[in-house]
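This report concerns only the one structure given below.
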Amino acid sequence: MKGTLKVDGKNPEATIRSLFARWLKESKLSAVLAPAYSTAGTATVALVSDPEKLSEAAPLLPAMGVNSASIVAEIAREASPNAKVGLFLRPCELRAVVELMKLKQVAPESLLLIGVDCPGTYKAAGFRNVRGKDADFDNRHVREQSGYAENVNFRTACQMCEYPKPLVFDLNVGFVGMDPDKELWIEAATDKGKALLEGVELDAQDEPQKRKQALEKLSAARKARTAARIEELDKAMMGPEKLVEYFADCLNCHNCMKVCPVCYCRECFFDSDTFQRDIAEHVRVSLRKGATRMPSETLLFHLTRMNHMMASCVQCGICEDSCPVTIGLATLFKKVSQNAQKEFDYVSGRSLDEPLPLVTFRESEFLKIGEG
Amino acid sequence: MPEAAATNPAAGVFEPKIVAFLCNWCSYAGADLAGISRIQYPPSIRVIRVPCSGRVDPFFILKALQSGADGVLVSGCHPGDCHYLTGNYVARRRFAVLNDLLEFAGIDPGRVSFSWVSAAEGERFAEVVRDVTEKVRQLGPNRKLLKEEVA
């Protein structure tokens, strides 16, 4: 089921809010998880259950402080017959939720995946200043971004993102290639999504050509930009010791691991006893070189994290935003994970049915390994 | 014998240290067979016995390189012959990803070798060790991943 939804008062955000209100009142959903402004005007996320409190939700808020999939992993490890939560999330967040479902970290039964187009977001830190006092900021952003308008102030990862539209969803709300002051593009992909649309007045039609073209144009532009960024990275990485240099400022705070939506272990291997050594052992290691860098193991941590995450990384770049010493993790992970996923013809978060690449295999593949 | 000359430290030839992860069911038994058959191969490997090549976490490989190994060899049962049926197939995928990562990290993929050696292949095991040792010797000592020095 798909079609356009009329927007009232040139306010697409309010139109989406009234959809939420309808679903909450009709008890189709018991709560909605959506972006929201805090009382201090910062970008955050809210779980709204009372239709009267929907003004708290800002579904089109264009700033990202966390990848909400991390929140979903926290609240939806197990399903409950008493809760039906609509996840109103951006494409990278939904893709991470899909990966988490496959990793058995999120139970799908109590959740509805409601996506929204997202051509890019600002960093949550400092977003208050970007927005200023503009109460219509979200709608203005959507108006600007409904065509393709590159914005160099977007988060690094967003500037390289080729998925402005979610890949897996029950229902998606689109505005790219539309005139968001007049209408939104609504698309239900599953029965759960269709059930939400019962009673909603849609002008049923095929996806407008203009929208398809806008999405394609955006993807193509982003792919080109990604290629350019990776080329820059490759140049910066050429030569020995460059990798050490790239991570030289690392404080070993492990923020990148903590905020990563798909880095799912309850206790990180790097926080385990494996790395607890007594002082004599530290001195012994130091003696080999005369002097070793402390904290130690930072490079090993990053390489291992890369190795663990490559197959499921959704390239949301939230790791880079959380880094106190601004190590360029977004481009790094983009490159590494894209290459690894290509190897297995896999795209993280593309489908719930595709098995995770590292838990499956084909007998006749990588035949060169072990023979040379 | 050419290897005898090569393994002589007095000759000033670089002697690599190679950590070898051998699966209990095939390659470890293959190494054992090479031993009891008195087949000569360079004494460059330090063997760590693992239950299956699927047990080898890529972290082990990185850690070995960081701790000063010049090379790493991982050897398991031939694909299709895994004692646990599919362990080595899964391992193979992991190694494919690791190869990409090594290249990216600027570590010559030649330092990390994979092979499939059955319990009956003592001669093949010796050959694999000879090849791997020669390959790593050509690359010289490993400096890349060693614990970061201060200066």
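The values are calculated or read from the model by the stated rules, or taken from the named source; none is laboratory data. These numbers come from a predicted model, not from an experiment. Using ideal geometry, Cβ is built from the backbone for each residue, glycine included, and neighbour counts are taken over all protein chains shown. Each accessible area value is taken on the protein alone, full model and side chains, heavy atoms only, with ligands, DNA and RNA left out. Shrake-Rupley method; radii C 1.70, N 1.55, O 1.52, S 1.80 Å.
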Here, helices (runs of 4 or more DSSP H) confined to region A:98-170 with at least 2 residues that are under 20 Å from A:D181 (Cβ atoms) and open to solvent by 50 Å² or more (accessible area, probe 1.4 Å) are A:137-145
Scanning for something under 12 Å from the mean Cα position of the chain (by Cα) and charged (D, E, K, R), does region B:53-67 turn up at least one residue?
-> no
Output the residue which, of all residues in region A:73-94 that are charged (D, E, K, R) and crowded, with 20+ Cβ neighbours inside 10 Å, is nearest to the chain's Cα centre (by Cα).
-> A:E93
Could you tell me whether region A:344-352 includes any residue that is of a type in the set (S, T, Y) and at pLDDT below 95?
-> no
Given (1) closer than 30 Å to A:K210 by Cβ; (2) touching a residue at least 24 places away in the same chain (Cβ under 8 Å); (3) not in a loop (DSSP other than H, G, I, E, B), index of the condition A:K10 fails | (3)
Quick check: anything in region A:60-68 open to solvent by 40 Å² or more (accessible area, probe 1.4 Å) and either part of a helix (DSSP H, G or I) or without any contact (Cβ under 8 Å) to a residue 40 or more places away in the chain (or both)?
-> no
Working only within region A:35-51, note down all residues that are at pLDDT below 95 and open to solvent by 50 Å² or more (accessible area, probe 1.4 Å).
-> A:T39, A:A40, A:T44
Among the numbered conditions (1) in contact with a helix residue (DSSP H, G or I) (Cβ under 8 Å, 6 or more places away or on another chain); (2) more than 14 Å from every other protein chain (Cβ to nearest Cβ), tell me where B:G30 comes up short.
-> (2)
Across (1) within 22 Å of A:P324 (Cα to Cα); (2) among the aliphatic types (A, V, I, L, M); (3) surrounded by 15 or more Cβ atoms within 10 Å (Cβ to Cβ), A:V176 clears everything bar (1)
Return only the number of the condition from (1) open to solvent by less than 50 Å² (accessible area, probe 1.4 Å); (2) of a type in the set (D, E, K, R); (3) modelled with pLDDT under 95 that A:E56 does not satisfy.
-> (1)
Could you say which residue among A:T156, A:T190 is free of Cβ contacts under 8 Å to residues at least 40 places away in the same chain and under 25 Å from A:A69 (Cα atoms)?
-> A:T190
Pair list, Cβ < 8 Å and 6+ apart or interchain, from region B:96-117 residues that are at the interface with another protein chain (Cβ under 7 Å from one of its Cβ atoms) and under 26 Å from B:D81 (Cβ atoms) to residues that are in a helix (DSSP H, G or I) and acidic (D, E) = B:A96/A:E343; B:V97/A:E343
Within region A:269-294, work out how many residues are within 12 Å of chain B (Cβ to nearest Cβ) and part of a loop (DSSP other than H, G, I, E, B).
-> 5
Do we find that A:K28 is farther than 18 Å from A:D170 by Cα and either open to solvent by 50 Å² or more (accessible area, probe 1.4 Å) or not acidic (D, E) (or both) in this structure?
-> no
Residue under evaluation A:A221, criteria (1) more than 9 Å from chain B (Cβ to nearest Cβ); (2) crowded, with 18+ Cβ neighbours inside 10 Å, criterion not met = (2)
